1. Does at least one position in region 109-124 carry a residue that is farther than 26 Å from TYR21 by Cα and open to solvent by 30 Å² or more (accessible area, probe 1.4 Å)?
2. State which residue pairs qualify: first residue under 12 Å from GLY38 (Cα atoms) and without any contact (Cβ under 8 Å) to a residue 40 or more places away in the chain and inside region 50-61, second residue of a type in the set (Gly, Ala, Ser) and open to solvent by 10 Å² or more (accessible area, probe 1.4 Å) in any location, beta carbons under 8 Å apart, and separation of 6 or more residues or different chains.
3. Restricting the search to region 1-10, which residues are modelled with pLDDT under 95 and either within 14 Å of the chain's Cα centre (by Cα) or not small (Gly, Ala, Ser) (or both)?
4. Picking from VAL53, VAL32, which residue would you name as being more than 20 Å from GLU124 (Cβ to Cβ), of a type in the set (A, V, I, L, M) and out of contact with any Cys (no Cβ under 6 Å at 6 or more places or on another chain)?
5. Looking only at region 1-18, which residues are in contact with a Gly (Cβ under 8 Å, 6 or more places away or on another chain) and in contact (Cβ under 8 Å) with a residue 40 or more places away in the chain?
6. Looking only at region 1-19, filter to residues that are surrounded by fewer than 18 Cβ atoms within 10 Å (Cβ to Cβ) and among the charged types (D, E, K, R); which one of those is farthest from LYS79 (Cα to Cα)?
7. Any chance region 84-97 includes a residue that's in contact (Cβ under 8 Å) with a residue 60 or more places away in the chain and not acidic (Asp, Glu)?
8. Only one of these conditions is not met by LEU22: (1) touching a residue at least 60 places away in the same chain (Cβ under 8 Å); (2) open to solvent by less than 20 Å² (accessible area, probe 1.4 Å); (3) not acidic (Asp, Glu). Which number is it?
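The values are calculated or read from the model by the stated rules, or taken from the named source; none is laboratory data. Here the structure is a predicted model, which is why all the values come from computation and not from measurement. In this analysis, Cβ positions are derived from the backbone assuming ideal geometry, glycine residues included, and neighbour counts consider all displayed protein chains. Each accessible area value is taken on the protein alone, full model and side chains, heavy atoms only, with ligands, DNA and RNA left out. Shrake-Rupley method; radii C 1.70, N 1.55, O 1.52, S 1.80 Å.
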Amino acid sequence: MSKIRILHIDDHILFTQGIQYLLSENPAFEWVGGASSGKEGVEKALKEQPDLVIVDYFLPETNGVEIGTEILKALPKTKLVLLTMENSYLIIQSAREKGFSAWISKAAEKDELLSTLERVGRSE
């Protein structure tokens with residue numbers, strides 16, 4: 001079974017490093033990079049063509065739903081997961097309507113995060 005290639009877009013570098021560490025410990029995933037802004041995230045997504053992109057909602061100059069929409073226009077097979085502290089129903093609903101496969105709170109346990117990423121990455 002091939003690894004799920006993941007890109008993470010979040011302006012909190014320490015959080016991105018934590019996600020990278022969690023993914024590196026799991027044989028189901030391959031880390032393809034992190035980005036700290038929406039623009040950088042779109043550029044890396046186009047270059048790396050990941051299977052799945054984890055996006056924070058709050059990003060400098062934009063929001064994660066808009067960045068996800070931009071990524072999906074160029075890479076329609078890429079899966080998107082919104083990983084954020086934002087729990088507004090309207091934002092989560094907007095993300096789903098724009099093509100995000102899942103929403104996970106940054107307060108979630110690591111097992112919930114990893115199982116959600118695996119399910120989404122395997123299109124389950």
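1. No, region 109-124 has no match at all.
2. GLU61/SER37
3. Of the residues in region 1-10, the ones modelled with pLDDT under 95 are 1-2.
MET1, the sole residue that qualifies.
4. Every option except VAL32 fails the conditions.
5. Correct list: ILE4, ILE6, LEU7, HIS8, ILE9, ASP10.
6. ASP11
7. Going through region 84-97, the residues in contact (Cβ under 8 Å) with a residue 60 or more places away in the chain turn out to be none.
Scanning region 84-97, I find no residue that is in contact (Cβ under 8 Å) with a residue 60 or more places away in the chain and not acidic (Asp, Glu), so the answer is no.
8. In the conditions (1) touching a residue at least 60 places away in the same chain (Cβ under 8 Å); (2) open to solvent by less than 20 Å² (accessible area, probe 1.4 Å); (3) not acidic (Asp, Glu), LEU22 misses (2) alone.
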